[in-house]
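The values are calculated or read from the model by the stated rules, or taken from the named source; none is laboratory data. In this text, all values refer to a predicted model and were calculated from it rather than measured experimentally. Using ideal geometry, Cβ is built from the backbone for each residue, glycine included, and neighbour counts are taken over all protein chains shown.
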Amino acid sequence: MTLPRTEYLPNISYDSVIFGFSGEKLKILIIEYHNMKTFALPGGFVKMGEPLDEAVKRGLTERTGLDQIYLEQFHTFGSMQRFKPEIMRRILEEQGHYEEDHWMLGRFVTVAYYALINYENVTPTPDVLSDSIEWYDFDNLPELMMDHQEIVDKALEHLRVHLDHKLLSFNLLPEMFTMKDLQQVYEAILGESLNRANFQRKMLSLNILERHDKLYTGGSHKAPFLYSFKKG
């Protein structure tokens with residue numbers, strides 16, 4: 001499979017920071033070019049006549065197997081730091097796609113998105129240029145190519161600032177969850193421990209949670225309530 005020049009917009013790409021939650025750790029999906037030992041965010045290009053958002057959704061569906069994904073565009077990156085044709089030349093050579101004037105060797109401005117998805121529902125699938133795609137703990141990422149670490153840092157910064165407003169868009173949790181589950185998501189994203197009573201009080205004051213029957217796992221009178229996000 002090749003990526004013909006005439007099918008894609010020139011000099012525009014996208015990169016995606018795909019957040020997942022394992023129940024304890026915040027994770028990010030990372031692709032690898034094995035022979036180069038190079039790691040990168042999942043990214044791609046926009047087809048002629050294709051809306052940018054649709055291109056990103058297409059790329060994420062191909063890599064995760066999911067078609068209902070919360071996506072948010074958060075920044076555009078265009079520094080000269082990301083213009084390193086020698087890296088793309090090596091990637092193309094390793095995958096048998098190299099041509100002297102290949103369009104991927106040019107400079108690209110990239111539009112960055114982040115996605116919030118349920119870690120357990122994903123079937124990671126590499127793209128045409130990469131060898132594998134795997135989940136990595138956010139606090140133990142490999143060294144990423146070009147400016148991809150800056151993109152990750154910016155995505156997390158944006159998510160932290162707007163966290164309370166993004167709750168209804170979360171795909172990080174199952175449909176029904178405990179208050180402890182929700183607190184663990186917050187702590188993983190914020191990178192700090194939170195007071196249980198204060199956190200519960202804050203969440204209930206937002207009026208976005210619907211309470212359900214308790215989660216009984218052995219008859220304990222301290223069984224936690226289950227919650228879901230209110231619809232509409």
Any chance residue 187 is under 24 Å from residue 72 (Cβ atoms), at pLDDT 85 or above, loosely packed, with under 11 Cβ neighbours inside 10 Å and not β-branched (Val, Ile, Thr)
no
Hey, could you check segment 194-224 for residues that are surrounded by fewer than 13 Cβ atoms within 10 Å (Cβ to Cβ) and among the hydrophobic types (A, V, I, L, M, F, W, C) and say which is modelled with the lowest pLDDT?
206
Within segment 1-53, which residues are among the charged types (D, E, K, R) and either free of Cβ contacts under 8 Å to residues at least 12 places away in the same chain or assigned to a helix (DSSP H, G or I) (or both)?
5, 7, 37, 50, 53
Just a yes or no: is a residue in segment 64-76 among the aromatic types (Phe, Trp, Tyr), in the same structural domain as residue 29 (by TED's automatic domain parsing) and more than 15 Å from the chain's Cα centre (by Cα)?
no
In the list 4, 85, 51, 42, which residue meets the criterion of being modelled with pLDDT of 85 or more and loosely packed, with under 14 Cβ neighbours inside 10 Å?
51
